[in-house]
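Chemist: Sharing a structure here in structure tokens format.
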Amino acid sequence: MGQKVNPIGFRTGIMLGWKSRWYASKKEFSELLIEDQKIRKFIHSKYKFAGIPKVEIERTRDEVKVVLHAARPGVIIGRKGQEVEQLQDELQTLVGRRINIKIEEVGRPELQAQLVAEDIGEQLSKRASFRRTMKRSVEQTMEAGAKGIKVQLAGRLGGSEMARREKQIAGSIPLSTLRAKIDYGFTEAMTAQGHIGIQVWINQGMFEDETDGADAQEGQAQKKPKRAYKR
């Protein structure tokens, strides 16, 4: 089951929060869902090279708050914040609501599965060797402090006539452990021979468990001396 299910969707609502946070009635729900999709599609198409692994959307009665997580926030901000203002105006025109944009910098791009997948796709589009590209990405991610990584490519690899799958794994990638922080990314590389699908799973460690406070206290407490039984 763990091999088939998207790890982020598998954990959403249990260990992870939703990327879109709002409530709507049945009549408005579909309309707002399409709006969210339009916002994300517009941002990803406009800022392909800004390194945006995820876009979070929060809605209030008055405005729509859009949080951009970017590896290169300078590309989005521009000089004196001109680019942000322009993006805000464009999104307001697209959606027809007041938009509030917030940009957060991604600390370690090597640990973001979507960014690793996009980097591999960019290299493959430039006709780089797929095995060398996979190996380099795996090494960089493990050096950045990941617990494990799995990269899988599918398509006409190396220009071969038949499509096939190739994968590389380093470290551990637990399939069904909900407490494991598994990030997942997918993209397609456009090559002369056709599209190559790229999937990346990265194990970032474990989620901090808030329910283990009692166990931690027990661990710190002094152990009672063993009873001596007399015969």
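Each value in this text was obtained by applying a stated rule to the coordinates, not by laboratory testing. Remember, predicted model here, so these are calculated numbers, not experimental data. Methodologically, a virtual Cβ is constructed for each residue, glycine included, from the backbone with ideal geometry; neighbour enumeration extends over all protein chains shown.
Chemist: What per residue convex hull volume, in Å³, do the alpha-carbon atoms of segment 7-105 yield? Working shown, then result.
Modeler: Numbers: hull volume 11.0 nm³, N = 99.
So the per-residue Cα hull volume is 111 Å³.
Chemist: Hey, another quick one. Multiplying the sequence separation of ASN6 and ALA154 by 0.36 nm and subtracting their Cα-Cα distance, what value in nm do you get?
Modeler: Roughly 51.6 nm would be gained on extension.
Chemist: Convex hull over the alpha-carbon atoms of segment 28-85: what's its volume per residue in Å³? Provide the component values of the computation, followed by the final result.
Modeler: On the way: hull volume 4.9 nm³, N = 58.
Expressed per residue, the convex hull around the Cα atoms of segment 28-85 is 85 Å³.
Chemist: Give the calculated FRET efficiency between GLN168 and GLU85 to the nearest 0.05, with a Förster radius of 35 Å applied to their Cβ-Cβ distance. Before the final figure, lay out the partial values.
Modeler: Values: r = 43 Å, r/R0 = 1.23.
After rounding, the FRET efficiency stands at 0.20.
Chemist: Something else: Where does the charge balance sit around GLU118 when Lys and Arg score +1, Asp and Glu -1, over other residues with C-beta under 11 Å from its C-beta? Spell out each step's value before the answer.
Modeler: Values: positive: LYS48; negative: ASP119, GLU122, GLU188.
Its environment carries a net charge of -2.
Chemist: Continuing with the same structure: List the trypsin sites (Lys or Arg not before Pro) in segment 1-81 that DSSP assigns to loop (not H, G, I, E or B) and whose Cβ has at most 15 other Cβ atoms within 10 Å. Which are they? Mind dumping the intermediate values first?
Modeler: Details: sites: LYS4, ARG11, LYS19, ARG21, LYS26, LYS27, LYS38, ARG40, LYS41, LYS46, LYS48, LYS54, ARG59, ARG61, LYS65, ARG79, LYS80; in loops: LYS4, LYS19, ARG61.
Sites meeting the loop and neighbour criteria: LYS4, LYS19, ARG61.
Chemist: Hey, another quick one. Name the residue, out of GLN92, GLN204, GLN37, whose mean-square fluctuation peaks in a Gaussian network model built on the chain with Cα pairs under 10 Å.
Modeler: GLN37
Chemist: Oh, and also: What is segment 13-111's relative contact order, in percent, from Cα pairs under 8 angstrom and six or more apart in sequence? Walk me through the intermediate numbers first.
Modeler: Working: 112 pairs, mean separation 26.1, N = 99.
Result for segment 13-111 is 26 percent.
Chemist: Right, another one. As a test of the formula, what do you get for the chain when each DSSP H run with n ≥ 4 contributes -39,500 (n - 2.57) and the sum is divided by the residue count, at 222 nm and rounded to the nearest 500 deg cm²/dmol?
Modeler: Details: 7 runs with 80 residues, N = 231.
Result for the chain: -10500 deg cm²/dmol, rounded to the nearest 500.
Chemist: Shifting gears a bit: May I ask for the distance between the Cα centers of segment 59-97 and segment 16-37, given as a whole number of Å?
Modeler: A separation of 19 Å, based on Cα centres.
Chemist: A follow-up question, please. If I model a spin label as a point 7 Å beyond the Cα along the Cα-Cβ vector, how far apart are those points for ALA192 and MET15 in nm?
Modeler: Spacing of the two 7 Å Cα→Cβ label points: 4.3 nm.
Chemist: Counting other Cβ atoms within 10 Å, keep those with at most 13, restrict to DSSP loop, and tell me which chymotrypsin sites (Phe, Trp or Tyr not before Pro) in segment 3-56 are left.
Modeler: Numbers: sites: PHE10, TRP18, TRP22, TYR23, PHE29, PHE42, TYR47, PHE49; in loops: TRP18, TRP22, TYR23, TYR47.
When the chymotrypsin sites (Phe, Trp or Tyr not before Pro) of segment 3-56 are filtered for loop state and at most 13 Cβ neighbours within 10 Å, TRP18, TYR23 remain.
Chemist: Computed FRET efficiency, Cβ-Cβ of ALA24 and SER129, R0 45 Å: what is it to the nearest 0.05?
Modeler: Values: r = 48 Å, r/R0 = 1.07.
Once the sixth-power term is evaluated, E becomes 0.40.
Chemist: Based on DSSP H assignment, which helices of the chain show an axial Cα extent of at least 27 Å together with a mean Kyte-Doolittle hydropathy greater than or equal to -1.0? Mind showing how you got there, number by number?
Modeler: Working: long enough: 26-46 (31 Å, -0.93).
Passing helices, by number: 26-46.
Chemist: Could you list, in their original order, any pairs among LYS4/LYS48; LYS41/LYS150; LYS19/LYS41; LYS102/LYS181; LYS41/LYS80; LYS4/LYS181 whose Cα atoms are separated by more than 19 Å?
Modeler: Details: LYS4/LYS48 28 Å; LYS41/LYS150 26 Å; LYS19/LYS41 14 Å; LYS102/LYS181 25 Å; LYS41/LYS80 25 Å; LYS4/LYS181 17 Å.
In this structure, LYS4/LYS48; LYS41/LYS150; LYS102/LYS181; LYS41/LYS80 exceed 19 Å between Cα atoms.
Chemist: Can you pull the three principal axis extents for the Cα set of the chain, in Å, largest first?
Modeler: 87, 54, 40
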